[in-house]
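A.B. asks: Before I ask anything, let me first share the structure, which is written out below as structure tokens.
The values are calculated or read from the model by the stated rules, or taken from the named source; none is laboratory data. Not measured: the values here are computed from a predicted model. Glycine gets a Cβ as well: all are built from the backbone with ideal geometry, and neighbour counts include every protein chain shown.
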Amino acid sequence: MHRYRSQVREVVNRNTVVSLALAQGFNAFLPVYDGGVDFVLYRESDSELRKVQLKSRWTIDRKYMGRDIWVAFPIASDWYLMPHDKMFACGEADGVTLTAS
């Protein structure tokens with residue numbers, strides 16, 4: 001079981017975020033191919049669509065830039081869902097994008 005721990009944690013985290021989204025009126029869809037999108041949230045009442053990348057912490061990556069991807073991540077026991085490009089802009093303002101990592 002130890003070798004599957006990270007996969008199990010990802011499933012638990014995905015189910016947690018999807019449950020929170022369902023409470024906000026969204027439905028969740030899993031893409032057949034993960035090209036940087038772990039799941040899609042869609043709310044029919046206002047046609048809101050969010051392509052979600054699930055992370056275990058606040059994370060930005062240039063490969064998500066300009067793709068309208070939202071990042072779901074926990075801080076303590078709370079979950080956050082933010083547009084990646086907005087997160088990148090915040091990181092840039094704080095100087096965290098000045099390094100290669």
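A.B. asks: Is it the case, given these coordinates, that residue 71 is surrounded by 11 or more Cβ atoms within 10 Å (Cβ to Cβ) and either in a strand (DSSP E or B) or without any contact (Cβ under 8 Å) to a residue 12 or more places away in the chain (or both)?
C.D. replies: yes
A.B. asks: Kindly establish whether residue 27 is in contact with a Leu (Cβ under 8 Å, 6 or more places away or on another chain), surrounded by 11 or more Cβ atoms within 10 Å (Cβ to Cβ) and of a type in the set (S, T, N, Q).
C.D. replies: Spelling it out, residue 27 is indeed in contact with a Leu (Cβ under 8 Å, 6 or more places away or on another chain), surrounded by 11 or more Cβ atoms within 10 Å (Cβ to Cβ) and of a type in the set (S, T, N, Q).
A.B. asks: Restricting to the range 34-58, name every residue that is in contact (Cβ under 8 Å) with a residue 40 or more places away in the chain and either more than 13 Å from the chain's Cα centre (by Cα) or more than 12 Å from residue 69 (Cβ to Cβ) (or both).
C.D. replies: Across the range 34-58, the qualifying residue is only 56.
A.B. asks: Identify, from the list 81, 20, the residue that is without any contact (Cβ under 8 Å) to a residue 60 or more places away in the chain and not polar (S, T, N, Q).
C.D. replies: 20
A.B. asks: Here is a follow-up. Quick check on residue 65: is it closer than 26 Å to residue 20 by Cβ and either in contact (Cβ under 8 Å) with a residue 60 or more places away in the chain or surrounded by 13 or more Cβ atoms within 10 Å (Cβ to Cβ) (or both)?
C.D. replies: No; evaluated as a whole, the condition is false for this residue.
A.B. asks: To continue, here is another question. Return yes when residue 63 is within 25 Å of residue 33 (Cβ to Cβ) and of a type outside the set (Val, Ile, Thr) and no when it is not.
C.D. replies: yes
A.B. asks: Limited to the range 4-53, what total is found for residues that are more than 20 Å from residue 73 (Cβ to Cβ) and either part of a loop (DSSP other than H, G, I, E, B) or in contact with a helix residue (DSSP H, G or I) (Cβ under 6 Å, 6 or more places away or on another chain) (or both)?
C.D. replies: Residues flagged as more than 20 Å from residue 73 (Cβ to Cβ) and either part of a loop (DSSP other than H, G, I, E, B) or in contact with a helix residue (DSSP H, G or I) (Cβ under 6 Å, 6 or more places away or on another chain) (or both) within the range 4-53 amount to 7.
A.B. asks: If you don't mind, there's one more thing I want to ask. Can you give me the number of residues within the range 87-101 that are under 17 Å from residue 64 (Cα atoms) and either modelled with pLDDT of 85 or more or not in a loop (DSSP other than H, G, I, E, B) (or both)?
C.D. replies: 6
A.B. asks: Select from the range 69-93 the residues that are under 8 Å from the mean Cα position of the chain (by Cα) and farther than 18 Å from residue 22 by Cα and list them in ascending order.
C.D. replies: Correct list: 69 only.
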